[in-house]
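Nothing in this text is a laboratory measurement; each read-out follows from the coordinates by a stated rule. On a predicted model such as this, the values are computed, not experimentally measured, just so you know. Please note: Cβ atoms are built from the backbone with ideal geometry, for glycine as well, and neighbour counts cover all protein chains shown.
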Amino acid sequence: MAQKEMDQAITALGKKNIIGVYCANDGTASGAIAAMKGAGFAELPPVTGQDAELAAIQRIVAGQQYMTVYKAIKKEAIVAADMAYAMAQGKPYTDIKTVTINNGTKDVPSVLLDADIVTKDNVKDTVVKDGFHAAPQICTGTFAAACKTAGIL
């Protein structure tokens, strides 16, 4: 679907007028990149995504996708478990500052964690360091040389 939408955007706007593609997730970024490659872009504009999917990290290392938003799952899971435990005990959660967000029905205590922007320059210090993706997973086949250049291997 994303590739089809990007094909239509390329037709409507023209290749010269596309200076970047902001995608809600890495799957959408993949489709946009495929469409631009299929349309013969000499150089891809910056393309963003979210979720730090393995294929996206490989595209980032290869210079096809500019960045992805990474949210450390382990950190999210620990905070969620701690919050749930406090609630089950009938106690307030006090480990990290909370904010109150109304979900349309009631106010819900929430912890807003920072996300990381992953680019070619910090793959090793983010998703590899956290164990989200291992360097050997990322740096397979055609990505090995780009990984060496980026300092991942």
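Miscellaneous remarks
- When the strands (runs of 3 or more DSSP E) confined to region 74-118 are screened for residues that are surrounded by 11 or more Cβ atoms within 10 Å (Cβ to Cβ), those reaching at least 3 such residues are found at 107-110, 116-118.
- Of note, Ala52 satisfies the criterion of being in a loop (DSSP other than H, G, I, E, B) and in contact with a His (Cβ under 8 Å, 6 or more places away or on another chain).
- Residue among Thr126, Thr149, Thr142 that is part of a helix (DSSP H, G or I) and in contact with a Phe, Trp or Tyr (Cβ under 6 Å, 6 or more places away or on another chain): Thr126
- Exclusive hit being in contact (Cβ under 8 Å) with a residue 40 or more places away in the chain and surrounded by 12 or more Cβ atoms within 10 Å (Cβ to Cβ), set Gly38, Gly63: Gly63
- Scan region 129-139 for residues that are part of a helix (DSSP H, G or I) and surrounded by 13 or more Cβ atoms within 10 Å (Cβ to Cβ) and the total you get is 3.
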